[in-house]
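The values are calculated or read from the model by the stated rules, or taken from the named source; none is laboratory data. Just so it is clear, the structure is predicted and the values come from calculations on it, not from any experiment. Cβ placement follows ideal geometry from the backbone for every residue including glycine, while neighbour counts extend to all protein chains displayed. In case anyone asks, the SASA skips ligands and DNA or RNA and just uses the protein heavy atoms, side chains included. Shrake-Rupley method; radii C 1.70, N 1.55, O 1.52, S 1.80 Å.
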Amino acid sequence: MLVVMKKDSTPDDLKRVVRFIEDLGYRAHPIPGAERTAVGITGNSGSLDPTMFEVLPGVAQALPVTQPYKLVSREVKPEPTRIRVGSVEIGGGRFSVIAGPCAVESEAQILTIARLVKQAGGHLLRGGAFKPRTSPYSFQGLGEQALRWLARAREETGLPVVSEAVDEASLRLVEEHADIIQIGARNMQNFSLLRAAGRSGRPVLLKRGMSASLEDFLMSAEYLLSEGNYNVILCERGIRTFSQHSRFTLDLSVVPVVQKKSHLPIFVDPSHATGVRDRVAPMARAALAAGADGIMVEVHPAPDRALSDGPQALLPTQFEQLMAQLRALGSVLERRLEPVS
Ligand code: PEP
Ligand code: MN
C-alpha cells in the first residue's frame with residue numbers, strides 16, 4: 001500500500017500517518033518526491049483497506065502497489081533515485097565510472113591504480129578485500145588491511161571507494177572503511193546479508209546473480225529497502241546462457257526494463273560479464289548508449305601478475321582511451337561524465 005500525501009499537507013500530517021501505520025504494527029517508509037510525498041507500507045500480510053488512511057488529514061489517496069517489489073518499484077517513486085557519495089552523485093543523468101582492480105593486492109598497487117583512475121576521469125575506485133572465489137584454494141583477498149589501503153587511496157585522490165562484503169563480519173569492516181558496500185552476484189540471494197546491509201547507513205551496490213531473473217534481482221533489492229536503506233545501486237554483470245564465446249552473457253536489455261520498473265540506478269559491469277579484456281570497452285560503450293547510469297570496470301597495470309581476474313583487466317592506456325570515448329559518446333547522448341574535483 002502506498003499512502004500519497006496532498007501537496008499542501010504539513011510535516012505533522014506526515015508524522016501522524018507514519019505513527020498510524022506503526023501503531024498498526026507495520027513499517028512506514030516516507031518517500032519524498034518533487035511533486036508529493038508518499039509513504040510506503042510494508043510488513044502487512046494481507047491487503048489493507050485504503051479508506052483507513054484516506055480519512056487521515058493531509059492524505060490524498062491510498063493505492064495498492066501491484067508489483068511484488070514494493071519500495072523498489074516506480075509505482076511508489078516516479079522520480080529516479082540519486083545517490084550522493086562524497087563529491088559524486090550517482091544517477092540523475094550522470095554517467096559514473098567505477099574502476100579499479102579486481103582485488104587490492106598491495107598498498108602500492110591500489111595507490112597506483114587510484115591515481116590512474118582519477119587522472120583518466122573515473123569517479124569511484126573499486127577493489128576487493130574479501131573475494132568470493134569459486135575455488136577455496138584461490139586468492140581470497142587481504143581483508144581489513146586492503147580496506148585500510150583503499151581508504152588511504154580515497155584520502156589521496158578524493159575518489160569514493162567500493163568494496164565487497166561476503167558475510168556479516170566483512171560487512172562491518174567494509175561499512176567502516178568504504179563508501180559503498182558491494183554485494184556480489186554469488187550473494188545476491190544471501191537474505192541475511194541483504195537484511196544486514198539494509199540496516200547500514202552506507203549505499204549498497206547490488207550485483208545481479210548469474211542465474212537471477214529480473215524479478216529475483218529486484219526482490220533482492222527490496223530486502224535492502226525494506227530494512228530502511230534506500231540508497232541502492234543495481235548492477236547487471238552477465239548471466240549464464242548457452243553461449244560459449246563469453247564468460248557470461250551481458251544482458252544489456254535489462255537496463256531500459258529496470259528503468260521502467262524501478263527508480264533505482266542501474267550500472268553495468270562489462271568486465272565480469274565478458275571475462276576478456278578486448279570485449280570490455282565495446283560493452284562499456286554499449287552500456288552508456290543503452291542508458292545505464294554507470295559502469296564498473298576492472299583495471300590493472302600488470303594484469304599478467306594480477307592475483308585474480310587478470311585476463312579481463314583493462315590496461316591503463318585502454319582505460320584512458322575508454323574514458324575518452326565515453327566522454328565523446330556522453331556529449332552526443334547528453335550524459336554528464338564530469339571528473340571528481
Ligand atoms: C567483483 O565485482 O569483484 C565480483 C566478484 O563480481 P561478481 O559478483 O559480479 O562476480
Ligand atoms: Mn573480478
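Taking segment 233-270, which residues are more than 15 Å from L288 (Cβ to Cβ) and touching a residue at least 60 places away in the same chain (Cβ under 8 Å)? I233, R247, K260, K261, S262, H263, L264, listed by residue number. Among the residues making up segment 53-66, a single one is touching a residue at least 24 places away in the same chain (Cβ under 8 Å) and in a helix (DSSP H, G or I): F53. Taking the criterion of being among the small types (G, A, S) and modelled with pLDDT of 95 or more, the residues of segment 1-42 that qualify are S9, G25, A28, A38, G40.
Of the strands (runs of 3 or more DSSP E) that lie entirely inside segment 67-174, those containing 1 or more residues that are open to solvent by 10 Å² or more (accessible area, probe 1.4 Å) and free of Cβ contacts under 8 Å to residues at least 60 places away in the same chain span 83-85, 88-90, 161-164. Against the numbered list (1) more than 16 Å from ligand 1 (Cβ to nearest atom); (2) under 27 Å from I239 (Cβ atoms); (3) out of contact with any Ser or Thr (no Cβ under 7 Å at 6 or more places or on another chain), E176 comes up short only at (2).
Right, V258: surrounded by fewer than 18 Cβ atoms within 10 Å (Cβ to Cβ), among the β-branched types (V, I, T) and away from ligand 2 (no atom under 16 Å from the Cβ) or not? It is false that V258 is surrounded by fewer than 18 Cβ atoms within 10 Å (Cβ to Cβ), among the β-branched types (V, I, T) and away from ligand 2 (no atom under 16 Å from the Cβ). Checking every residue in segment 130-143 against the condition of being of a type outside the set (S, T, N, Q), under 21 Å from E156 (Cα atoms), within 16 Å of ligand 2 (Cβ to nearest atom) and touching a His at 6+ places or on another chain (Cβ under 8 Å) gives zero matches. Among the numbered conditions (1) more than 16 Å from ligand 1 (Cβ to nearest atom); (2) modelled with pLDDT of 95 or more, the only one that R336 does not meet is (2). State whether one or more residues within segment 324-339 are within 15 Å of ligand 2 (Cβ to nearest atom) and either within 21 Å of A212 (Cβ to Cβ) or in contact with a strand residue (DSSP E or B) (Cβ under 7 Å, 6 or more places away or on another chain) (or both). Checked against the condition, which is being within 15 Å of ligand 2 (Cβ to nearest atom) and either within 21 Å of A212 (Cβ to Cβ) or in contact with a strand residue (DSSP E or B) (Cβ under 7 Å, 6 or more places away or on another chain) (or both), segment 324-339 yields no hits at all. If you go through segment 183-199 and pick out every residue that is open to solvent by 10 Å² or more (accessible area, probe 1.4 Å) and not in a helix (DSSP H, G or I), you end up with 3. Checked against the criterion of being among the hydrophobic types (A, V, I, L, M, F, W, C), modelled with pLDDT of 95 or more and over 19 Å from the mean Cα position of the chain (by Cα), the candidates F267, F319 yield just one match: F319. There is at least one residue in segment 49-66 that is over 26 Å from I233 (Cα atoms), open to solvent by less than 60 Å² (accessible area, probe 1.4 Å) and of a type in the set (F, W, Y).
Scanning segment 19-48 for residues that are in contact (Cβ under 8 Å) with a residue 12 or more places away in the chain, open to solvent by 30 Å² or more (accessible area, probe 1.4 Å) and not in a loop (DSSP other than H, G, I, E, B) yields F20, R27, P30. What about R186, is it touching a residue at least 12 places away in the same chain (Cβ under 8 Å) and touching a Phe, Trp or Tyr at 6+ places or on another chain (Cβ under 9 Å)? Here the answer is no, as R186 does not meet what is asked.
Among the residues of segment 304-318, those that are within 16 Å of ligand 1 (Cβ to nearest atom), of a type outside the set (S, T, N, Q) and part of a helix (DSSP H, G or I) comprise G310, P311. Does G291 meet the test of being modelled with pLDDT of 95 or more, small (G, A, S) and open to solvent by 10 Å² or more (accessible area, probe 1.4 Å)? Here the answer is yes, as G291 does meet what is asked.
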